[in-house]
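The values are calculated or read from the model by the stated rules, or taken from the named source; none is laboratory data. Owing to the predicted nature of the structure, the values given are computational and were not obtained by experimental measurement. Note: ideal-geometry Cβ built from the backbone for every residue, glycine included; neighbour counts use all protein chains shown. These accessible areas exclude ligands, DNA and RNA; they are computed on the full protein's heavy atoms, side chains included. Shrake-Rupley method; radii C 1.70, N 1.55, O 1.52, S 1.80 Å.
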Amino acid sequence: MLLIGCSTTGETLAVGSYKDSNTIAFHDEEISEEKVIDEVKGVVNASDEATESPDGTPNIVIHVNDRQDSTMVMSIYLWTDSGSTPILLRGHLTDSEKQFYQLSEESWFEIKELLDLEEYL
């Protein structure tokens, strides 16, 4: 179940996954509930640096966009098959300098619940 509501900031959150090495397919419905978007951004921003880099293609891609300003606010890539809690990248896969972060078990549970990520796992 995705939560959809009005956002006073104009931000929307889209969840998707890679269908092949060049194509991300996003869910048809975007989340626009400000509380959910702020909670996701807060969890991501509070994550700790990862001790290792993930391998392969990310399992989940999350974009937060500001439709009013036509800008991307945050781009998040999640690797969920690392055998532990997910590793994430804030930014773009093509960035020359990448910093990876590790979600805690509690944070991962919160993200999964907020965004109903079961279909991506």
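Each row is one residue, and each column tells you yes or no for (1) farther than 23 Å from THR12 by Cα; (2) open to solvent by less than 20 Å² (accessible area, probe 1.4 Å); (3) part of a loop (DSSP other than H, G, I, E, B); (4) in contact (Cβ under 8 Å) with a residue 12 or more places away in the chain.
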position	(1), (2), (3), (4)
GLY56	yes, no, yes, yes
MET72	no, no, no, no
SER75	no, yes, no, yes
LEU89	no, yes, no, yes
LEU93	no, no, yes, yes
LYS98	yes, no, yes, yes
SER107	no, no, no, yes
GLU113	no, no, no, no
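Do we find that LYS19 is touching a helix residue (DSSP H, G or I) at 6+ places or on another chain (Cβ under 9 Å) and without any contact (Cβ under 8 Å) to a residue 24 or more places away in the chain in this structure?
When the stated conditions are applied, LYS19 does not pass them.
Among the residues of region 77-87, which ones are farther than 18 Å from ALA14 by Cα and touching a strand residue (DSSP E or B) at 6+ places or on another chain (Cβ under 7 Å)?
THR85, PRO86, ILE87
Can you pull out every residue in region 14-54 that is acidic (Asp, Glu) and part of a loop (DSSP other than H, G, I, E, B)?
Of everything in region 14-54, those that are acidic (Asp, Glu) and part of a loop (DSSP other than H, G, I, E, B) turn out to be ASP28, GLU29, GLU30, GLU33, GLU52.
Looking only at region 14-27, filter to residues that are farther than 14 Å from TYR120 by Cβ and not hydroxyl-bearing (Ser, Thr, Tyr); which one of those is surrounded by the most Cβ atoms within 10 Å (Cβ to Cβ)?
ASP20
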